[in-house]
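Remarks on the structure that follows.
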Amino acid sequence: MRIPFLSLFITSPFDGIQEHAEKVKECAWAFQQAIECHIAKKCKTFEELRQRVIKIESEADAIKRSIRGHLPKGTMMPVDKFQLFRYLQEQDSVLDTVEDALDWISYRIKPGIPEELEKDFFLLIDANMDPIEELSTMVSEARKYFETFSLKQRNVVKAIIRNIRHQEHKADKAEDIIKRKAFNVGLDPVTIFHTVRLAEIIGSIADHAENAGEMMRAMISK
């Protein structure tokens, strides 16, 4: 008989992972506001929003350290603790990449996104926000699975993982459109480089969300 995962802990590690996932979502909202602000060109609150993202990322790091420091040693678990750590690392990498994107924007004094690419960047941001939203839902549903090991609940989690993968594919397509256009709308070399690199950084947000989904799939497969 399989022992419910959460019963093996006085405090479930998924409590912390859920809390961390909520920080990821909170960070994503601030990131979206910061990007919209940057595209507006005359925005005066970009740096304030960037600092908010840095603060949220720091709070999430504290949660991550707490999870790693409180897993009981020598306890039998249906999930390998290294898989748990790898899942947490991918979820945390979403935050790191959000911060990287805003840092990259801040390096260039010239504000804004080339007008020819503004709509495409909005589509790229939207495509990356969707999988982030799904992470906290996935963790919540996975908690229910590890309480019951219900096949029906396992299928719920797998459906979320498939959806994250589909959303990551949409983000890839949006990123490719920006990179292709950047080289063909008459931009100067510095703007091309900055724009293409920004699209790549933003696009990798969804990559990490997909990786987290794949690690979750590995955990529920046992």
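Only the coordinates and a few stated rules stand behind these numbers; no lab work does. The structure presented is a predicted model; accordingly, all values stated were derived computationally and were not measured. FYI the Cβ positions are ideal-geometry reconstructions off the backbone, even for glycines, and counts take in every protein chain you see.
Based on the Stokes-Einstein relation at 37 °C and a viscosity of 0.692 mPa s, and on the Kirkwood radius from alpha carbon pairs, the range 131-222 is assigned a translational diffusion coefficient of 224 µm²/s. Residues Val185, Val94, Val157, Val79 in ascending order of nearby Cβ atoms (within 10 Å, fewest first): Val185, Val79, Val157, Val94. Working note: 222 nm ellipticity from helices only, DSSP H runs with n ≥ 4, each -39,500 (n - 2.57), summed and divided by the residues of the chain, gives -28000 deg cm²/dmol to the nearest 500. The length gained by stretching the chain between His169 and Arg68 to full extension, at 0.36 nm per residue less their Cα-Cα distance, is 33.2 nm. The GNM of the chain, with springs linking C-alpha atoms under 10 angstrom apart, assigns the highest mean-square fluctuation among Pro111, Pro131, Pro189 to Pro189. Short-range pairs are left out: with C-alpha atoms under 8 Å and at least six residues apart, the relative contact order of the range 12-220 is 30 percent.
Hull volume per residue, based on the alpha-carbon atoms of the chain and their convex hull, is 104 Å³. Shown for Cys43, Cys37, Cys27: other C-beta atoms within 10 Å of each C-beta, ranked fewest to most, produce the order Cys43, Cys37, Cys27. Any of Lys158/Lys179; Lys25/Lys152; Lys41/Lys110; Lys42/Lys119 with alpha carbons more than 20 Å apart? Name them for me. Table pairs above 20 Å Cα-Cα are Lys158/Lys179; Lys25/Lys152.
For a 4.7 Å threshold on C-beta separation, the list of partnerless cysteines in the chain reads Cys27. Over the range 110-222, Cα pairs under 8 Å with separation of 6+ residues give a relative contact order of 40 percent.
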